[in-house]
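First comes the structure, then the notes that go with it.
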Amino acid sequence: MNEHKPIVGRAVTWLTQACLGVSMVLLILIAVLIVTQVVARNLFNTGLPRVDEAARFAGIAMVYLAAPFLLLRGQHVAVTLLVELLPRLGRRLCLVVGELATLGFCALMLYGFYRFLLRAGRFATPAMGMPNLWFYMPALVGLAILAVVAAYRLGLLASGREVEE
């Protein structure tokens, strides 16, 4: 089925699947880091602040990188009780409004990150010493990809094609 999609559709699908793959690896990393921290604290009576910060970084990255995959599948935010009762045109209108709201959210978040990182970007995280710009980069990338997916879905709706719900 994927070979019948236009090149843009295949590229968006590949990009979101790659992000989902990274998210899965990050989930495993979070589990390992948290178990490591618990073992170090309970058995060796020592704290590992770098491990805690790395787990936080992985958690932020995991969430923001998984969101585009979910949006592409129509599973990102789905309250469909009312929408399913509407006729086809009403459903499409609701989907258009949803995609526009997602694009607006991405624009506001990216602008907010821009303003935040203008000041905080030059500082480093306390434990790892990672610059804040790099600490929040996965969130920025995830939001940018989320906007691309929303625009792609909006394009599908505008051309009269179906999107996954």
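The values are calculated or read from the model by the stated rules, or taken from the named source; none is laboratory data. Since this is a predicted model, take the numbers as computed values, not measurements. Here the Cβ is made from the backbone with ideal geometry for all residues, glycine too, and neighbour counts use every protein chain on show. Just the protein is used for accessible areas: all its heavy atoms, side chains included, with ligands, DNA and RNA removed. Shrake-Rupley method; radii C 1.70, N 1.55, O 1.52, S 1.80 Å.
Structure summary
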read-out: Selection from region 96-120 of residues that are open to solvent by less than 50 Å² (accessible area, probe 1.4 Å) and over 19 Å from the mean Cα position of the chain (by Cα); value: 96, 120
read-out: Flag if residue 32 is of a type in the set (A, V, I, L, M, F, W, C), open to solvent by less than 100 Å² (accessible area, probe 1.4 Å) and at pLDDT 95 or above; value: yes
read-out: Residue ID - surrounded by the fewest Cβ atoms within 10 Å (Cβ to Cβ), chosen from residues in region 35-61 that are in contact (Cβ under 8 Å) with a residue 40 or more places away in the chain and either under 19 Å from the mean Cα position of the chain (by Cα) or more than 27 Å from residue 144 (Cβ to Cβ) (or both); value: 49
read-out: Residue in region 81-103 that is touching a Gly at 6+ places or on another chain (Cβ under 7 Å) and aliphatic (A, V, I, L, M) present; value: no
read-out: Listing of helices (runs of 4 or more DSSP H) fully contained in region 55-150 that carry 3 or more residues being within 22 Å of residue 8 (Cα to Cα) and modelled with pLDDT of 90 or more; value: 88-120
read-out: Test: residue in region 145-165 that is aromatic (Phe, Trp, Tyr) and free of Cβ contacts under 8 Å to residues at least 40 places away in the same chain; value: no
